[in-house]
Amino acid sequence: MVAIDAHLDMLRAYVGHEIGLSPWVLIDQRRIDTHAKNTGDDLWIHTDPERAATETPFGCTIVQNFLLISLLTDMAQATTLPTDGVAWRTIYGFDRLRIVQPVRVDSRVRGRFELRKVEPKGHHGVLVHLDAAIEIEGDEIAPALVAEWLVYRRLED
């Protein structure tokens, strides 16, 4: 338990602070189409630019929500939490996840992360609660996605 307590103390200094801001990522039609092929999420609103241009209020295709969610993993590489004493980590889930607004094709997005809280999890781990947001370049009104993302850190023995 001493290792967990020390790790928690180290992380608590970051609670309430931004711990990462990813680079901008372009989501073009090719990326949307690849996601559609890989997941079966090929609804025309994502994959048919001509139809989406005339039959949606967006005037173009929009990004699949699960494609957006999947970007969090790569974007989180920008986080700066110390990893001293961590054997491995894995996604534990989400306590809250909302798609706030659609993302149009050819938009650039980035991830912003803040440490919400940390807590012990079992005998060998720590649960990290991240406030995550995916922002759309040029849109200051609302992010595309907000989430409370849970990451489990298994500490070294």
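Any chance you could give the angle, 0 to 90 degrees and rounded to 10, that helix 2-12 forms with the longest Cα principal axis of the chain? Computed tilt is about 50 degrees.
Taking the Cβ of R153 as the centre, find all other residues whose Cβ is under 9 Å away and add up their charges (Lys, Arg: +1; Asp, Glu: -1).
On the way: positive: R89, K121, R154; negative: none.
Summing Lys/Arg as +1 and Asp/Glu as -1 gives +3.
Between N65 and R98, residue separation times 0.36 nm minus the direct Cα-Cα distance comes to 10.9 nm. In loop segments of region 109-146 as defined by DSSP, the GluC sites (Glu not before Pro) with at most 13 further C-beta atoms inside 10 Å of their C-beta are E137, E140.
Entry comment: accessible area of the chain is 55 Å² per residue, from protein heavy atoms only and a probe of 1.4 Å. Estimated from helical segments only, the mean residue ellipticity of the chain at 222 nm is -8000 deg cm²/dmol, where each DSSP H run of four or more residues counts as -39500 (n - 2.57). Of the accessible area of region 1-106, computed with a 1.4 Å probe over protein heavy atoms only, carbon and sulfur atoms account for 52 percent. Annotation: amide H of L97 within the under-5 Å range of E148, sequence separation 5 or more or interchain, hydrogens built in the peptide plane.
Using only Cα atoms and rounding to the nearest 10 degrees, what angle (0 to 90) does helix 29-39 make with the longest principal axis of the chain? For helix 29-39, the angle is close to 70 degrees.
Kindly express, to the nearest 10 degrees and within the range 0 to 90, the angle between helix 65-75's C-alpha long axis and the longest C-alpha principal axis of the chain. For 65-75 against the chain, the angle is about 40 degrees.
Can you check what the net charge comes to around A3, using other residues whose Cβ is under 12 Å from the Cβ of A3 (Lys, Arg +1; Asp, Glu -1)? Residues close to A3 contribute a combined charge of -3.
Could you please put D139, D42 in sequence from largest to smallest accessible area, using a 1.4 Å probe?
On the way: D139 45, D42 95 Å².
Sorted descending by solvent-accessible area, the residues read D42, D139.
Take every pair of alpha-carbon atoms less than 8 Å apart whose residues are at least six positions apart; their mean separation over the length of the chain yields a relative contact order of 30 percent.
The values are calculated or read from the model by the stated rules, or taken from the named source; none is laboratory data. Everything quoted here is computed from the prediction, not taken from an experiment. In this analysis, Cβ positions are derived from the backbone assuming ideal geometry, glycine residues included, and neighbour counts consider all displayed protein chains. All accessible areas refer to the heavy atoms of the entire protein, side chains included, with ligands and DNA or RNA removed. Shrake-Rupley method; radii C 1.70, N 1.55, O 1.52, S 1.80 Å.
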